[in-house]
Amino acid sequence: MNLPNLSRLLTLVFFASQCANFAPAIANAKKEAELPPCQESSSITSSTNCKINCIDPHAACAESEKLIEDVKLMYKAYSEEDLTTLGSYLDENCTSVDEGDHKMLTGKKAVLADIKATMEKAKETESKLLSYTIDNPYAEVEPDGKTAIVTFEAIKTFGGKNPHTISSRCTDIFRKENGKWLRMHYRSFWQPSKT
């Protein structure tokens, strides 16, 4: 075999060995990039006939699935104006930020008072909450097992004398205390829905 052909052959062997080294890394990167399998969409109806819809949820692990269920129950309590049950999901020092007015609330008492004021305003305008949709939630528990993040788009549909729909990208941050997930922080930006 002459020298130029030997050189080409060695070059090909070198590149083939390099590609073989990258193949497992590429396969692992592809697996990491894929979203976890989604659960089936579901809905529950509150005692006020408000439908709580959870569309195409994605949970990073079994504990994250439980967290998505807790989020659904939180909004069921919200639709029923059950501030006691809703408050049981909030950390005593929780915070809430509305990006629309840049207002930050600190502490469970302040957050619940603001939620109550929002409910009272809806009654004044004779708007009835017909549905609360949690669209495409993604829940992930951090490696420490004590902190978790849930992101989703929320859609509130109102009927009554003032029918309208509003939506927001939402972020909930939870921490686990004595086996229960408590919301530490909530961030939203409610706007009239484009749909």
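Some values worked out for this structure:
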quantity	calculated
Residue count for the range 38-65, restricted to those that are in contact with a Ser or Thr (Cβ under 7 Å, 6 or more places away or on another chain) and within 21 Å of Gly160 (Cα to Cα)	6
Whichever residue in the range 126-162 is of a type in the set (A, V, I, L, M) and over 18 Å from Lys51 (Cα atoms) and, among such residues, is most open to solvent (accessible area, probe 1.4 Å)	Ile149
Residues being more than 19 Å from Ile155 (Cα to Cα) and open to solvent by 30 Å² or more (accessible area, probe 1.4 Å) - total across the range 77-92	6
Search result, residues across the range 38-65 that are part of a loop (DSSP other than H, G, I, E, B), acidic (Asp, Glu) and surrounded by 14 or more Cβ atoms within 10 Å (Cβ to Cβ)	Asp56
Residue within the range 93-102 that is exposed (fewer than 15 other Cβ atoms within 10 Å of the Cβ) and more than 22 Å from Val150 (Cβ to Cβ) present	yes
Ile68 vs. criteria of a type in the set (Val, Ile, Thr), part of a helix (DSSP H, G or I) and without any contact (Cβ under 8 Å) to a residue 40 or more places away in the chain	no
Among the candidates Lys194, Lys123, residue that is more than 21 Å from Asp56 (Cα to Cα) and either open to solvent by 60 Å² or more (accessible area, probe 1.4 Å) or of a type in the set (Lys, Arg) (or both)	Lys123
Strands (runs of 3 or more DSSP E) within the range 102-195 that include 1 or more residues hydrophobic (A, V, I, L, M, F, W, C) and closer than 18 Å to Asp70 by Cα	127-141, 147-160, 164-177, 180-188
Test: residue in the range 116-124 that is within 20 Å of the chain's Cα centre (by Cα) and closer than 22 Å to Phe174 by Cα	no
Among (1) charged (D, E, K, R); (2) in contact with a Phe, Trp or Tyr (Cβ under 6 Å, 6 or more places away or on another chain); (3) modelled with pLDDT under 55 - the single one Lys30 does not satisfy	(2)
Qualifying residue in the range 89-96 (condition: of a type outside the set (D, E, K, R) and at pLDDT below 95)	no
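The values are calculated or read from the model by the stated rules, or taken from the named source; none is laboratory data. Quantities reported herein were computed from a predicted structural model and do not represent experimental measurements. Quick reminder, even Gly has a Cβ in these numbers, built from the backbone with ideal geometry, and neighbours come from all protein chains shown. Ligands, DNA and RNA are excluded from the accessible area calculation, which covers all protein heavy atoms including side chains. Shrake-Rupley method; radii C 1.70, N 1.55, O 1.52, S 1.80 Å.
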